[in-house]
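Just below is one structure, and these are the notes that go with it.
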Amino acid sequence: MYEDHWYNATAAEEAQQAQNRQSKAHKQSVLAPRSEGENAFKSIPLPKVVRIHDEPPKAEVLPRSSSAQNLRPLSIETTNFPGVFDSLKLENELDFAVWYDKYEEELEEAADEEFRVFQTRLQSHLYTCDSLLSEARETVALLDDLVKGFEAVREQTSTFQAACEELLSEQTRLSKLAEDLSTNLEPFGALEAITRRLNAPGSSIVTRPDFKNMLSKLDYCLEYVAAHPTFKDAEFYQSRYRQLLTRALTLIKVHFTGQLRDVSTDIGKRIAAKGVNDTTQSALLYAKFRVGAAQLRELSDEIEKRCGHEEYFSLLNECYSFYFSVRHRLLFPILSKAMRDMSSSKDLVGFARVSISYIRNICLDEYELFYGYFSSGEQQLYDYLESLSEPLYDYLRPRIMHETQLVKLCELCSLLQERYMRDGDDVELESYDRSQLDFGRLVQSPLQDAQARIIFRAQNVIRDDIENFVPKPEDLDYPERNKVNQTPLRSPRVMRGGAMDPASPMEGDHISPFDTDAVFQGWYPSLRKSIWLLSRIYRLVNSSVFDDLAHQVVHVCIASLVNAAEQIRKLKNEIDSQLFLLKHLLILKEQIVAFDIEYVRPEVEFDFSTVTETFWDIRETGSLFNPNNLMKLMQKGLPKVVENMMDAKVELDVKLRSLINQFTENWASSISGPVIESTGQGAEALEASLALRKLAESEVPILRQKLNEYITDVRTRETLVGAIQEMVIQSYESFYERADKHSPELEDLWDVDTFVVFTNKAFGTEDPDAIGSPRESNVSSRRGSVGSDQLSDT
């Protein structure tokens, strides 16, 4: 509206300035001479005003001209201003003054012209600013009016929006209410339609595509009614829907059993006909059953999904029972006939291998066929498979119970464990695949029978061939039995766990897979039977049962060896007896390491015999209630704690350590006898020292000869010799300490270091690397138990 006001003002200002310039130029043309020297008084050129139409003109301050007072006084002499005053005719000073006043006025006007232009511009700017402020006030007033209008519109819009939201909320509430009403009424409205469908005759309705949807609808209705028991007639509808679901699942069961009955009847007729071979029979028993299995499994799954209700679980059990009865009726005669045909074999292991393999193939087929009809029921399936395996049990169990050969029983148990039983560690680490049959559950009963029979026969072997073993004269002929060529003690055949498997002499017609006579020559029969028994039953029976048997075997074997050593002592001498026992205890210790025998807590019993005896003694005296007798009953009548058996390894170590100490002490005493009995005075002490040296030189070769006859391990022999040498040195050291070394008769008495050098040579331990040899620089007071500790680690 007022955008071009400043432009008009500026244009007027410029027109005024142009007019002033013309007037000034006219005055100058009148006053100034028209000559070439006029440049000396030419005016200073003014800057050109540039007008920009997009914005108001900017004020420009021009440099002010020098005032008239600053002008240099002019000389009136015309010679100083050539050409300026040529046209002037100044006759007197008055003319000059008049001219000078005019000239000064013109100069002042020329000097003030720029300021007047600037003042004009400032006035134009002020006018423009006043106009802008006026327009701004008007604009603010208009904006205030607009804000008030907008506020009114906003309030009206908010009111309208609130009303719309309220209407939408009410619409949503009503829509939800309508949906809730429809949802709440839907379970109640489906009753009649489902009832009409299920009342239709026949069970073919279960094969229709919409039957599963109807079952899902019934489940939903039951859940809804059960979740809202406060609704009107909720109990009535719940009972009706439960009846309808029961009827629907019953129809599935009827259809399921009917289909199985038709198939089994057809197959039974064909099998009863003559001329059916094994291939045709297998096709009839399995291929024909698999034809409709997929459809029937879908139906059985519908029952399985609803087995949370006891009534429906009974329907599923009826399906299981009917299925198993149909299969059992078809298969049991075939299995019984096959078992009768196989029973002609007299060999237990051969019969078990063939019959179990046959039953396993049948069970694998039945396992696969069952899961073609059902998705669950594993326990029922294994119960059914056990019933199918009854012909196997009927023929196998009597053979196991009448088998007397422990080898046959062990082979049978090994066959069952290695081929059919699952590894317990694998089952713990990961759950087994249900698609794989765990046939070990089906042969668990024969395995337990075989293990029980093995334990029984093992106890008979322990009692008859180890504990009550009566040796023959040739069994006690030691060391003659050691003179044959002996093979190093190693297992010719490693069984499960790394133990040796020597053959038993009682097995009769059983042929050992290797020559036991060449390997175990020189072993006492009870030791040989003990190792054989442990190697046979190792890992074939429960680990705790094996540990009990192993402790019993070791205990009885030690007792048998001790008894044999006592008989050898009576027949031969003490040395042969000790070496015999030492040799066999070392063999026993070496062999039982492979069996991983765990520590078994000894059986603790309470012996009440003292209580009974004390009580009857007091009663016979007739003073049962006498305080003194009651005190006697408390002191002497307490039951005693009796431990039946020590841990086998501990017992063996204790016995071996005691035997080694006894053996080394006897030899050391026989060699060191003169110095032990010597008083250490005079010539008698010197004679004792000489006698000791002579005995060492004569007895040590005998000792080494005896050790070579019984002990084949060089390390063990050298350890025993070193232990005896240590004890001899200790005896001489004691003797040397109590000897009167200042006596003239004992000048030739050897000191301990010299005697050590002598014993190294006499005992053959000069080699510093020899096992058990004492060092010349270190004569310690050790006992024979040092050597026994080394032997116990052998």
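Here are some notes:
- Neighbours by Cβ (under 9 Å, 6+ apart or cross-chain): first from the range 580-608, over 30 Å from N708 (Cβ atoms); second among the acidic types (D, E) and at pLDDT below 55: P602/E643; E603/E643; V604/E643; E605/E643
- If you go through the range 330-356 and keep only what is part of a helix (DSSP H, G or I) and acidic (D, E), you end up with just D341.
- In the range 703-743, the residue that is farthest from the chain's Cα centre (by Cα) out of those that are over 15 Å from T664 (Cβ atoms) and of a type in the set (D, E) is D740.
- Some residue of the range 214-233 being surrounded by fewer than 10 Cβ atoms within 10 Å (Cβ to Cβ), closer than 30 Å to S300 by Cβ and under 55 Å from the mean Cα position of the chain (by Cα): yes
- The set of residues from the range 376-387 being buried (at least 21 other Cβ atoms within 10 Å of the Cβ) and part of a helix (DSSP H, G or I) comprises Y384, L385.
- Residue within the range 310-324 that is part of a loop (DSSP other than H, G, I, E, B) and out of contact with any strand residue (DSSP E or B) (no Cβ under 7 Å at 6 or more places or on another chain) present: no
- Where helices (runs of 4 or more DSSP H) fall wholly inside the range 392-510, the ranges with 2 or more residues that are at pLDDT 90 or above are 406-420, 444-461.
- Failed item, numbered, when V700 is tested on (1) more than 58 Å from the chain's Cα centre (by Cα); (2) among the β-branched types (V, I, T); (3) under 30 Å from Q591 (Cβ atoms): (3)
- Pairs linking a residue in the range 103-127 that is of a type in the set (D, E, K, R) to a residue that is not in a helix (DSSP H, G or I), with Cβ atoms under 7 Å and 6 or more positions apart or on different chains, are E114/L46; E114/L62; R121/P57; R121/A59.
- Meets criteria (loosely packed, with under 15 Cβ neighbours inside 10 Å and at pLDDT 90 or above) for S357: yes
- Taking helices (runs of 4 or more DSSP H) as the structural unit, those lying wholly within the range 213-309 and holding at least 3 residues that are closer than 13 Å to P187 by Cα and in contact with a helix residue (DSSP H, G or I) (Cβ under 6 Å, 6 or more places away or on another chain) correspond to 234-272.
- Residue check for G350: over 25 Å from D262 (Cα atoms) and not aliphatic (A, V, I, L, M): yes
The values are calculated or read from the model by the stated rules, or taken from the named source; none is laboratory data. The model shown is predicted, which means the values in this text are computed figures rather than measured ones. All Cβ positions, even for glycine, are placed from backbone atoms using ideal geometry, and neighbour counts span all protein chains on display.
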